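The values are calculated or read from the model by the stated rules, or taken from the named source; none is laboratory data. None of these values were measured; they are calculated from a predicted model. Cβ sites come from the backbone with ideal geometry, for glycine too, and all protein chains shown count toward neighbours. Note: accessible area is taken over every heavy atom of the protein model, side chains too, but ligands, DNA and RNA are not part of it. Shrake-Rupley method; radii C 1.70, N 1.55, O 1.52, S 1.80 Å.
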Amino acid sequence: MMRDQEDIENEGVGVMVMEDGKDLERNISSESGFREPLLKSKSRVNNTSQIAIIGANVCPIESLDYDIVENDLFKQDWRSRKKVQIYQYIFLKWTLVLLIGLSTGFVGFFLNIAVENIAGFKLLLASDLMLEDKYFRAFVTFAGCNLGLATCAAILCAFIAPAAAGSGIPEVKAYLNGVDAHSILAPSTLFVKIIGSILGVSAGFVVGKEGPMVHTGACIANLLGQGGSRKYHLTWKWLRYFKNDRDRRDLITCGAAAGVAAAFRAPVGGVLFALEEVASWWRSALLWRTFFTTAIVAMVLRSCIQFCRSGNCGLFGQGGLIMFDVNSGSPNYNTVDVLAVLTIGVLGGLLGSLYNYLVDKVLRTYSIINERGPAFKVMLVMTISILTSLCSYGLPWFASCTPCPVGLEEKCPTVGRSGNYKNFQCPAGHYNDLASLFMNTNDDAIRNLFSAENSGEFHLSTLFVFFAGVYCLGVITYGIAIPSGLFIPVILAGASYGRLVGSVLGSVSNLNNGLFALLGAASFLGGTMRMTVSLCVILLELTNNLLMLPLVMLVLLVSKTVADSFNKGVYDQIVKMKGLPYLEAHAEPYMRQLAAGDVCSGPLVTFSGVEKVGNIVHALKFTRHNGFPVVDLPPFSDAPEFCGLVLRSHLVVLLKGKTFTKLSVLSGSNILKRFHAFDFAKPGSGKGLKFEDLSFSPEEMEMYVDLHPITNTSPYTVVETMSLAKAAILFRELGLRHLCVVPKTTKRNPIVGILTRHDFMPEHIKGLYPHLVHHK
């Protein structure tokens, strides 16, 4: 990962201020007789990377602050709020949650209709040409449509919104952990995510629309929770209540859950997915709102399905909003079946860990290509598209034709787009089983694998070839510049080897091949994504078969246990590979050997409670810090006293107001009259006030400003001797951006340093203490 020489976040040990353009050390100890900080002489600078890969683009990152800034302005606003304003806030929050559910449901339905009709038209066109024995023209048509759709998707991702590439789940997961990046949830990303998913899935890639739907739901929630927009004249007074990271985090969590519910028609699974996989912070009120959101999504989808049954949705049939009904299978199982399930679980763990390893290597290779520019991203997508078309159209030619079973309710061979029995090049009364999987939409291919009507529908060789093809294509496809999800490739590959095991067992087993396909899909999902509860519920809601619960639980536990022995889950690996500073829920063992004061980096920039304007301007100009400790000095206190923490964005707003005094005196009352708490609210995705927009005269630079009204007087602090492991857990659980470190003894400077997200990163700690043993 590239290194940015400007440290955006980290502050540390040396106590510095900027005065008249020069670095001037403020030696508090010389004024009060206090000893110097223990780590003063080490001048640690945190050189961890301040950039990360978002989608298919490299951009700078910042931390989010979920802590409430309890300064005088906030307290004044809180005391002045009336009961009607509190009810307005609660009502609007529920209204936004309702809108997130409605919007995500309709977007998911539109995405499915578009994919089914575009892909259906393409497959129908190729099928009609093959029925006329125009095989080469059919291939050119098939590959040309795929290439055109893929190129359009790649152009959108490469030139308009690079952040829309990939599934988006790692980015959403990092955002909810406290990592923000440019365009990660922007409106342009939302637009390209929707259109790119339609084009990419319709182009025949071995990708799914389920992962991108999570990102889409989060983008919709972020757009609705912006707190208004001056650009689009949406400055409704009520919306300003949501101009903070805490409320946006709750809404985006609801949006991510709604995305899963819209993709799989699994409302409960969506809630559990948000809880188990993407959210780093949870509470009972959020659970209730998330469940409400997914329930709205389920009702929207149900209404839309009823509308489409009248034939108003074109080629849209049962395929789009996937529901793989396997109720026809008997859930009775014997000892042989349990042993087979355990075998499938072990196989899923081994194949899943290998899949994650290969995806990581491919992503690192693609990042080198993508760094060369948008044109190379498009060319890579075109190359993979041609390769996918060759496999999808070419491999079925090596499969033999199978006579149609007798007594089928549906036509055999199938004429048209969907169905189990594809004619391909076979004579009348025969079908090509491999074409029934490759020359179909991914949803229809999964439905064919889950089918229990004909146990001998697919040959063993067909299942093996399809598994190998999907496995390899899934590895090389994820990471190109299109919106792409991992759920569908993993389900396809898992269902293939699951049905293969069922076919080998044959009459020995009491379970049919469709149920084995379901268990295979569960094992591969557990082996790659390492989720258990949410995947179990999603699969049960997806297949509408609660009787399979014990076996699905067993296979998920076995596959996860086996795969955890080799590497991490695929989303955790991608988060790390992209360079996102993600904080794990547990502290690493080596952190217990260190104290909080051992990793503070410097220099630390502090301000007095009443500070000269010139000092503040120079500090903002020459540093990129986002938090500054405020220390009261005599005559405002008897001794140096840590007053609190002031944010960079608040300083910019305060300086713009120019409520200055010629003398160093307290003037907080004037500031409280001049400003409102909403003036310091965090702007949305649009451009907020920047330091570069300010200008000052020489006379103003010599004046003073009182920082007490905007200083957070109750920041979270830890003593310098606290275990670094405890500090890391505290930092993550509270969703902090800054954690102040104070001295253990009184005869010291009142502030030792500030811990930020990057101070807990392994590369920073390893750079300071290379002798520490880093456990796996």
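Treating the angle as unsigned and between 0 and 90°, give the value, to the nearest 10°, between the Cα long axis of helix 135-155 and the longest Cα principal axis of the chain.
That works out to roughly 10 degrees.
Only loop residues by DSSP count here, and only those with at most 10 other Cβ atoms within 10 Å; note down the GluC sites (Glu not before Pro) in the range 69-144 that meet that. Before the final figure, lay out each step's value.
Working: sites: Glu70, Glu116, Glu132; in loops: Glu70, Glu132.
Taking the range 69-144 and a limit of 10 other Cβ atoms within 10 Å, the loop GluC sites (Glu not before Pro) found are Glu132.
Find the relative contact order for the range 257-316 and round it to a whole percent, using C-alpha pairs within less than 8 Å whose residues are 6+ positions apart.
37
What number, in percent, do you get for the relative contact order of the chain if the mean sequence gap of Cα pairs under 8 Å and at least 6 apart is divided by its residue count? Kindly include the intermediate steps, with their values, before the conclusion.
Details: 1574 pairs, mean separation 165.9, N = 776.
Computed over the chain, the figure is 21 percent.
Enter the angle in degrees (range 0 to 90, nearest 10) between the Cα long axis of helix 724-733 and the first principal axis of the Cα atoms of the chain, meaning the one along which they spread out most.
Computed tilt is about 70 degrees.
Enumerate by residue number the chymotrypsin sites (Phe, Trp or Tyr not before Pro) in the range 519-591 meeting two conditions: DSSP loop (anything except H, G, I, E, B), and at most 14 other Cβ atoms within 10 Å of the site's Cβ.
Values: sites: Phe524, Phe566, Tyr571, Tyr582, Tyr590; in loops: Phe566, Tyr582.
Here the chymotrypsin sites (Phe, Trp or Tyr not before Pro) that fit, given the DSSP loop and packing criteria, are Phe566.
Could you give the length gained on full extension between Asp133 and Ser723, defined as 0.36 nm per residue of separation minus the Cα-Cα distance, in nm? All intermediate terms of the calculation are to be shown ahead of the outcome.
Details: separation 590, 0.36 × 590 = 212.40 nm, distance 7.39 nm.
Extending this stretch completely gives an extra 205.0 nm.
Relative contact order (percent) for the range 702-756, with alpha-carbon contacts under 8 angstrom and 6 or more residues of separation?
Averaging sequence separation for qualifying contacts and normalising by length gives 31 percent for the range 702-756.
Using a Förster radius of 30 Å, what is the FRET efficiency between Phe691 and Lys576 based on their Cβ-Cβ separation? Nearest 0.05, please.
Here the calculated transfer efficiency is 0.40.
Hey, if we sort Asp67, Asp444 by accessible area with the 1.4 Å probe, largest down, what's the order?
Result, largest first: Asp67, Asp444.
How far apart, in nm, are the 7 Å Cα→Cβ label points at Leu358 and Leu124?
Inter-label distance under the simple model: 3.5 nm.
Under 19 Å from a point placed 7 Å out from the Cα of Asn544 along the Cα-to-Cβ direction: which residues of the range 331-372 have their backbone N that close?
In the range 331-372, the label zone of Asn544 (backbone N under 19 Å from the point 7 Å along Cα→Cβ) covers 331.
Could you put Tyr478, Tyr769 in order of accessible surface area, largest first, with the 1.4 Å probe and the full protein assembly present?
Tyr769, Tyr478
Quick one: pull the percent of accessible area on the range 422-501 belonging to carbon and sulfur, 1.4 Å probe, ligands and nucleic acids left out.
In the range 422-501, the share of accessible area belonging to carbon and sulfur is 68 percent.
Rounded, prolate or oblate: which one fits the range 155-307, using the alpha carbon gyration tensor with axes a ≥ b ≥ c (rounded when a/c is under 1.5, else prolate when a/b beats b/c, else oblate)?
Rounded is the answer for the range 155-307, as its axis ratio a/c remains below 1.5.
For Val338, Val381, give me the order by solvent-accessible area with a 1.4 Å probe, most accessible first, ignoring ligands, DNA and RNA. Show your work: numbers first, answer last.
Details: Val338 50, Val381 0 Å².
I get Val338, Val381, largest accessible area first.
Which angle between 0 and 90 degrees, to the nearest 10, do you get for helix 374-394 versus the longest principal axis of the chain when only C-alpha atoms count?
The helix 374-394 is inclined about 20 degrees to the chain.
Would you calculate the separation in nanometres between label points at Val338 and Phe91, each defined as 7 Å from the Cα along the Cα-to-beta-carbon direction?
5.8
Assuming R0 = 22 Å, can you tell me the calculated FRET efficiency for the pair Lys673 and Trp78, based on Cβ-Cβ distance, to the nearest 0.05?
Using R0 = 22 Å, I get an efficiency of 0.80.
What whole-number value in Å² describes the accessible area per residue of the range 142-299 for a 1.4 Å probe?
In whole numbers, the range 142-299 has 29 Å² accessible per residue.
Per residue, how much accessible surface does the range 350-403 expose to a 1.4 Å probe? Answer in Å², no decimals. Can you show the working numbers first?
Values: 2680 Å² over 54 residues.
Here the per-residue accessible area is 50 Å².
When a/c reaches 1.5 or more, the comparison of a/b and b/c decides; with that in mind, is the range 674-713 rounded, prolate or oblate per its Cα gyration tensor?
It is oblate, given that a/c is not under 1.5 and a/b is not larger than b/c.
Just check the chain against the gyration tensor rule for me: Cα atoms, a ≥ b ≥ c as the square roots of the eigenvalues, rounded for a/c under 1.5, and otherwise prolate or oblate depending on whether a/b exceeds b/c. Intermediate results must be reported in sequence, preceding the final value.
Values: a/c = 2.40, a/b = 2.09, b/c = 1.15.
It is prolate, given that a/c is not under 1.5 and a/b is the larger ratio.
What part of the accessible area of the range 153-298, given as a whole %, is carbon or sulfur when the probe is 1.4 angstrom?
66
Work out the FRET efficiency for Leu387 and Phe622 from their Cβ-Cβ distance, taking R0 = 60 Å, and round it to the nearest 0.05.
After rounding to 0.05, the efficiency reads 0.70.
Starting from the Cα of Ser400, step 7 Å along the direction of its Cβ; do the same at Leu557; then give the gap between the two resulting points in nm.
Between Ser400 and Leu557, the simple spin-label model gives 4.3 nm.
By per-residue mean of other Cβ atoms within 10 Å, what is the highest-first order of 278-286, 172-180? Mind dumping the intermediate values first?
Numbers: 278-286: 16.0, 172-180: 24.1.
Averaged packing, sorted descending, gives the order 172-180, 278-286.
Can you show me the helix-derived [θ] at 222 nm for the chain, built from DSSP H runs with n ≥ 4 at -39,500 (n - 2.57) apiece and divided by the number of residues, rounded to the nearest 500.
-16000 deg cm²/dmol
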